[in-house]
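To keep things clear, I will list the structure first and then write my remarks on it.
The values are calculated or read from the model by the stated rules, or taken from the named source; none is laboratory data. Bear in mind that the values here come from a model prediction, so they are computed numbers and not experimental data. Here the Cβ positions follow ideal geometry from the backbone for every residue, glycine too, while neighbour counts run over all protein chains shown. Note: accessible area is taken over every heavy atom of the protein model, side chains too, but ligands, DNA and RNA are not part of it. Shrake-Rupley method; radii C 1.70, N 1.55, O 1.52, S 1.80 Å.
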Amino acid sequence: MPYVNVKLAGSVTKEQKKQIAKEITETLQKHAHKAANYTYIVFEEVEYEDWAIGGELLG
């Protein structure tokens, strides 16, 4: 049972999430032979001010 956590700085639309989830699921089916109905994907949208890279906040 794959569990995938997609953590993003900022936000994406519902349609973008649907496409991302579809493609992740298809990739796991194709390459890892995992059933789609047991693939769990969670999206976490993090505010830019709560995300830092190289010691610098993005927002």
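Scan segment 28-46 for residues that are surrounded by 10 or more Cβ atoms within 10 Å (Cβ to Cβ) and of a type in the set (D, E, K, R) and the total you get is 2. Would you confirm whether any residue within segment 47-55 is of a type outside the set (D, E), open to solvent by less than 70 Å² (accessible area, probe 1.4 Å) and in a helix (DSSP H, G or I)? No, because not a single residue in segment 47-55 is of a type outside the set (D, E), open to solvent by less than 70 Å² (accessible area, probe 1.4 Å) and in a helix (DSSP H, G or I). Selection within segment 11-27: residues that are of a type in the set (V, I, T) and out of contact with any helix residue (DSSP H, G or I) (no Cβ under 9 Å at 6 or more places or on another chain). The member of this set that is farthest from W51 (Cα to Cα) is T27.
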